[in-house]
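The next block holds one structure in the form of structure tokens; read it before the comments.
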């Protein structure tokens, strides 16, 4: 009996395993009125999700700043400099959730702290979480103010608003897919 209870408890408390092939973090920002798109290519999510136990559910992420790419080498290099992401002093962007709140259906609000360039801000993000057969898909579209994190300084041509699209896919009880 103890073994059965322990096994069931362990199954539901195991963290999800990131599926690298389907996970992505994209962004868009207007520069001179034109959308500049980019991606972060290296990140590590850690999470656990149980709709019946949101108190113990979480989603955290560590993003490698040097993995940023816009497909324009000159822009990519500039984004790593001190006036933007300052990769030498701040090589990671860190997100740590504090609460996941149910809205309706597959819609939730995830609350937590985002740390960019050593500036830590509390953010609330609408997120959709779907599960089928042990595969979880977390999808979020949200806007950040780059100036809140001292990214890019003052500019008349670069928008303050950065649109972020995050898709995190994870599996329960499976080996990591690369």
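See the values below:
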quantity: Residue satisfying all of: in segment 151-178; at pLDDT 95 or above and surrounded by fewer than 16 Cβ atoms within 10 Å (Cβ to Cβ); farthest from residue 79 (Cα to Cα) among these; calculated: 167
quantity: Flag for residue 55 being farther than 15 Å from residue 116 by Cβ and under 19 Å from the mean Cα position of the chain (by Cα); calculated: no
quantity: Of residues in segment 8-22 being assigned to a loop (DSSP other than H, G, I, E, B) and at pLDDT 65 or above, the one farthest from residue 167 (Cα to Cα); calculated: 15
quantity: Whichever residue in segment 61-79 is free of Cβ contacts under 8 Å to residues at least 40 places away in the same chain and either under 26 Å from residue 105 (Cα atoms) or assigned to a strand (DSSP E or B) (or both) and, among such residues, is farthest from the chain's Cα centre (by Cα); calculated: 69
quantity: Subset of segment 93-114 [touching a strand residue (DSSP E or B) at 6+ places or on another chain (Cβ under 7 Å) and surrounded by fewer than 17 Cβ atoms within 10 Å (Cβ to Cβ)]; calculated: 94, 96, 98, 99, 101, 102, 103, 106, 107, 109, 111, 113
quantity: Qualifying positions in segment 119-150 - over 20 Å from residue 28 (Cα atoms) and buried (at least 18 other Cβ atoms within 10 Å of the Cβ); calculated: 129, 136
quantity: Filter result (out of contact with any helix residue (DSSP H, G or I) (no Cβ under 8 Å at 6 or more places or on another chain) and either within 15 Å of residue 36 (Cβ to Cβ) or without any contact (Cβ under 8 Å) to a residue 12 or more places away in the chain (or both)) within segment 160-176; calculated: 163, 164, 165
quantity: Filtered residues of segment 97-114 (kept if over 24 Å from residue 152 (Cβ atoms) and assigned to a strand (DSSP E or B)); calculated: 97, 98, 99, 100, 101, 102, 107, 108, 109, 110, 111
quantity: Failed item, numbered, when residue 89 is tested on (1) on the phi > 0 side of the Ramachandran plot; (2) surrounded by fewer than 14 Cβ atoms within 10 Å (Cβ to Cβ); (3) over 19 Å from the mean Cα position of the chain (by Cα); calculated: (1)
quantity: Hits in segment 115-141 - residues which are under 21 Å from residue 85 (Cβ atoms), part of a strand (DSSP E or B) and either touching a residue at least 40 places away in the same chain (Cβ under 8 Å) or touching a helix residue (DSSP H, G or I) at 6+ places or on another chain (Cβ under 8 Å) (or both); calculated: 116, 119, 121
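Conditions tested, residue by residue: (1) at pLDDT below 95; (2) over 16 Å from residue 164 (Cα atoms).
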site: 30; (1), (2): no, no
site: 33; (1), (2): yes, yes
site: 42; (1), (2): no, no
site: 50; (1), (2): yes, yes
site: 61; (1), (2): no, no
site: 64; (1), (2): no, no
site: 68; (1), (2): no, no
site: 76; (1), (2): no, yes
site: 82; (1), (2): no, yes
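The values are calculated or read from the model by the stated rules, or taken from the named source; none is laboratory data. What you see is a predicted model; the values in this text were computed from it and never measured. In this analysis, Cβ positions are derived from the backbone assuming ideal geometry, glycine residues included, and neighbour counts consider all displayed protein chains.
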